[in-house]
1. Within the stretch 99-109, take every residue that is within 15 Å of residue 69 (Cβ to Cβ) and open to solvent by 20 Å² or more (accessible area, probe 1.4 Å) and give me the one that is modelled with the lowest pLDDT.
2. Does residue 40 satisfy being in contact (Cβ under 8 Å) with a residue 24 or more places away in the chain and touching a Leu at 6+ places or on another chain (Cβ under 9 Å)?
3. Any residue in the stretch 17-36 that's among the hydroxyl-bearing types (Ser, Thr, Tyr): show its pairings with residues that are modelled with pLDDT under 90 and open to solvent by 60 Å² or more (accessible area, probe 1.4 Å) at Cβ separation under 9 Å, as long as the two are six or more apart or on different chains.
4. Of the residues that make up the stretch 35-53, is at least one open to solvent by less than 30 Å² (accessible area, probe 1.4 Å) and under 19 Å from residue 137 (Cα atoms)?
5. When residues of the stretch 68-79 are filtered for being out of contact with any Leu (no Cβ under 8 Å at 6 or more places or on another chain) and either of a type in the set (A, V, I, L, M) or assigned to a loop (DSSP other than H, G, I, E, B) (or both), how many remain?
6. Taking residue 56, is it under 24 Å from residue 13 (Cα atoms) and open to solvent by less than 10 Å² (accessible area, probe 1.4 Å)?
7. What is the number of the single condition among (1) over 30 Å from residue 3 (Cα atoms); (2) surrounded by 15 or more Cβ atoms within 10 Å (Cβ to Cβ); (3) at pLDDT 85 or above that residue 122 does not meet?
8. Considering (1) at pLDDT 90 or above; (2) touching a helix residue (DSSP H, G or I) at 6+ places or on another chain (Cβ under 9 Å); (3) open to solvent by 50 Å² or more (accessible area, probe 1.4 Å); (4) not in a helix (DSSP H, G or I), say which one residue 82 fails and leave the rest.
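The values are calculated or read from the model by the stated rules, or taken from the named source; none is laboratory data. What you see is a predicted model; the values in this text were computed from it and never measured. For neighbour counting, all protein chains shown are included, and Cβ atoms are generated from backbone atoms with ideal geometry for every residue, glycine included. Keep in mind that these areas ignore ligands, DNA and RNA; they rest on the heavy atoms of the full protein, side chains included. Shrake-Rupley method; radii C 1.70, N 1.55, O 1.52, S 1.80 Å.
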Amino acid sequence: MTIRLVAAEDSYLVREGLRLLLATQEDVDLVACVSTADELRAAVAAHDPDVVLTDVRMPPGEHDEGIRVAEELASTRPGLGVVLLSQYLEPDWALRLFDGGAAGRAYLLKERVGDLAQLRHALESVVAGGTVLDPLVVEALVRGRAAERASPLARLTPREREVLGLVAEGLSNGAIAARLVLSERAVEKHITSVL
């Protein structure tokens, strides 16, 4: 089975490197290789690929365009595999990628894709509905979750967090009471509990 692939990468050198590497694979058909999020959307519409291989940061904003396109594709083309290549270890990006489900999704760090076999594995896995996640991203997610549980904020009730947030906004006890429809005394109790 031939895998039809659209690749999106803003770096010319990386893009051409991908093109040359993938050209050596008889069962991978690189139908388009683009440099911006808008070009990626157009290439997906024009070529109906099996999988998209995309950078996270691309023009025009150089922020999270690849993630945004992946989020769009999750709803408009749910069967389309997406492999995100990032040079940044950003657990929040991985969570966004997998938010609608992990099937057919991969998040790889560019620096850790050591050979074509790893990339092929990711492409084949997502086309088959599998998931690939770089182990460093998994470690970061686990560390973040453990730190969240160890935080003193984790012991606060939802109402105490709500009151704390309003205190942080600079609201007075009276203003907090009015916003939450509580007595000032109740607000004072929540603040005492938080402290």
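1. Within the stretch 99-109, the subset within 15 Å of residue 69 (Cβ to Cβ) is 99-100, 104-107.
Of the ones still in play, those that are also open to solvent by 20 Å² or more (accessible area, probe 1.4 Å) are 99-100.
On the way: 99: 84, 100: 75.
Ranking the qualifying residues of the stretch 99-109, first place goes to 100.
2. no
3. The qualifying pairs are 36/60.
4. yes
5. The number of residues fulfilling the criteria is 4.
6. When the stated conditions are applied, residue 56 passes them.
7. (1)
8. (3)
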